Amino acid sequence: MKDVLLSYFIETGETKSLEAIEQAAAGLAPRVFSVGYIQADEDEEDEDEEENQRSYMISEYKFLQPLSGDRALELARRLALELHAFKSDRGFGFECATYCGATRTQGRFFESWAACFADMIQSLLSTLRDQPQWKEVVNLGDQIVSTVIPFLLGPPLDVDPVLLHGDLWASLLPSSNP
């Protein structure tokens, strides 16, 4: 099952995300060269693999290093002027499921940022609903979805759906110096 999820993630969410970032802000994320499956050797025993196949993704190598001064300003500039300027005519969301850590987006589009964000929070809460120890967290989360999100992200807030990178980290801006 794990390989099925990994394959789905690599072939759709991760690949399409990297391709969208490349289209919006060339060079910001690694370019994807190839994705697919390879046949695993019969003598390789891996309980996570199904049908002796392993998924792969080949992408451009980016030498990552910590951000400082000018590099941090360059990343901020590129995010604001290139990545976040790439508007979606389909609405808020993405064309397929994606992950940021344990957070799974459903892979659909919404008319508003409030509805999209509420759906992401509901997705997280759905993983906790059947676990009694998280009952209070789920109840508070439901209140946030029904009252706080519409209040903060609903009208009169007017935002355009743009491409966002879901998991920024300090080393995102690659260096050409390995």
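The values are calculated or read from the model by the stated rules, or taken from the named source; none is laboratory data. Computed from a predicted model, the values in this text were never measured in an experiment. Backbone-built Cβ (ideal geometry, glycine too); neighbour counts: all protein chains shown. SASA here: full protein model, heavy atoms, side chains in, ligands and nucleic acids out. Shrake-Rupley method; radii C 1.70, N 1.55, O 1.52, S 1.80 Å.
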Where residues in segment 79-108 are out of contact with any strand residue (DSSP E or B) (no Cβ under 6 Å at 6 or more places or on another chain) and on the phi > 0 side of the Ramachandran plot, which of them is surrounded by the fewest Cβ atoms within 10 Å (Cβ to Cβ)?
Gly101
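Just for segment 150-178: of the residues that are at pLDDT below 65 and of a type in the set (Gly, Ala, Ser), which one is most open to solvent (accessible area, probe 1.4 Å)?
Result: Ser176.
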